[in-house]
1. Tell me which label goes with the value of mean projected area of the Cα convex hull in nm² computed from the coordinates here: [x] 19.3; [y] 17.3; [z] 21.6.
2. Taking 0.36 nm per residue of sequence separation and subtracting the Cα-Cα distance, how much length would be gained by fully extending the chain between ASN401 and LEU418, in nm to one decimal?
3. Would you calculate, for the chain, the mean residue ellipticity at 222 nm contributed by helices, counting each DSSP H stretch of 4 or more residues as -39,500 (n - 2.57) and dividing by all residues, to the nearest 500?
4. Can you classify the range 141-194 as rounded, prolate or oblate using the Cα gyration tensor, where a ≥ b ≥ c are the square roots of its eigenvalues, rounded means a/c under 1.5, and otherwise it's prolate if a/b beats b/c and oblate if not?
5. Quickly rank 420-428, 143-151, 296-304 as a protection proxy: mean count of other C-beta atoms within 10 Å, highest first.
6. Just the accessible area per residue of the chain, please: how many Å² with a 1.4 Å probe?
7. How much length is gained if the chain between PHE188 and ALA96 is pulled fully straight, taking 0.36 nm per residue apart and subtracting their Cα-Cα distance, in nm to one decimal?
8. Given R₀ = 45 Å, FRET efficiency for LEU329-ASN51 by Cβ-Cβ distance, to 0.05?
Amino acid sequence: MGNTKISERGTVERAKTGNYRWIVCILLFFATTINYIDRQVIGLLKPTLENEFNWTELDYGYIIMFFSASYALGYVIFGSIIDRVGSKLGYSISVAVWSIAAMLHAAVRTTLGFGLVRGLLGLSEAGNFPAAVKAVAEWFPKRERALATGIFNSGTSIGAVAAPLLVPWILGAYGWQEAFLITGALGFVWLVLWWFFYEVPSRQKRLSAAEYEFIHSDNEAASEENKSAIKWSRLLGIRQTWVFIIGKVLTDPIWWFFLFWLPSYFATTFKLDLTKPSLPLAVVYTATTFGSIGGGYLSSYLIKRGWPVLKARKTTLLIVAFVVLPILLARYATDIWVAVGIISLAAAAHQAWSTNIFTIVSDIVPKRAVSSVVGIGGMSGSIASTVFPLFVGSLLQHYENLGNTSAGYNVLFIICGLAYLTAWLIIHWLTRRMKPVDL
């Protein structure tokens, strides 16, 4: 096997002889789906757990803060580990630990206990994206990476759709403990499939020579898979890393808000019954699936049309930043389905943003540094997400004391609407004359 450059026509013909890379993509998709089911269970059980343990909004904010802070630390740990031990073993460790942590929620009986197991869940779930983005960089050429990332990243949406349908049913049929146990056990099923099917291309015996050549048709040497990791001190000194940091810091908190507070928003503003399967939430999170795959498809399409890679990614990011803006009007929605439509648009745009901001990492840094850069940026985004729940909890508590919780959500929607355009302007400034870096 080699990495000889082949013609465009030959590339297409050879690519048809093997599609193992898409099996890898499906595995990444299911891992991400399980990841988001596990993390969203607590948001859907929030009213039940508030009654069970007498939580206030601020108590819940602290619990989410534990998750976010640990998630930030997990990015630091797993971003480094995965670049050292590889995507196969690193991903396996992450999934095994987060599945155990998810199931442990059923055993705790105090607010502090929930904070601690939530912290373990966040620590281990942070390994998902460094491992998945690295696997995409290993298995896909640049012109397919955004689409592949969009497909696996849509698992965040599918998980968010499945959870509002699955968790209330388990809650009603069995109880809140069983909701944590059943969803947590899904990760162990995935682990068996991952260990059996996955290996890096240079060691995957099921991979054809033609597909191997196609994977490396960007002239990115396969030897990158086995090179040593790059020190973080070097990575923090380049603008490429800061592009991802900015993209995560200004937008990750918005996604956490969509995940952890939207159920409560619909319950308090529109009297949605969260003890039953929630169609409005399912619609919102279904829309994010289209955003994730559509955002990946758009930038990949532009690249295939001859656009420079970075220009295609940035143009897509700008489009989705504008698509988020209508959420500024959510405050005027008096009908639940009007609110669902506006929020669905913004949430879908976030996933399109997420797909392309993750893909940019594999475009502008070497494969052997991908997980580390994702770890650095993910950690930074999670630190921002750690602070944001405290702000959200305090803000909503303040307006709840005034008897107008909806006004607090209105303030939050304004922040959501402006975050992406602000991030894009900074990213554009950082990348005006940027080229891929060779470390």
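The values are calculated or read from the model by the stated rules, or taken from the named source; none is laboratory data. None of the values given here were measured: they were computed from a predicted structure. In this analysis, Cβ positions are derived from the backbone assuming ideal geometry, glycine residues included, and neighbour counts consider all displayed protein chains. Heavy atoms of the whole protein, side chains included, go into the accessibility calculation; ligands, DNA and RNA do not. Shrake-Rupley method; radii C 1.70, N 1.55, O 1.52, S 1.80 Å.
1. Here the calculated entry is [x].
2. The ASN401-LEU418 span can extend by a further 3.4 nm.
3. -26500 deg cm²/dmol
4. The shape class here is oblate.
5. Order by mean packing, descending: 143-151, 296-304, 420-428.
6. On a per-residue basis, the chain sits at 37 Å².
7. 32.5 nm
8. 0.85
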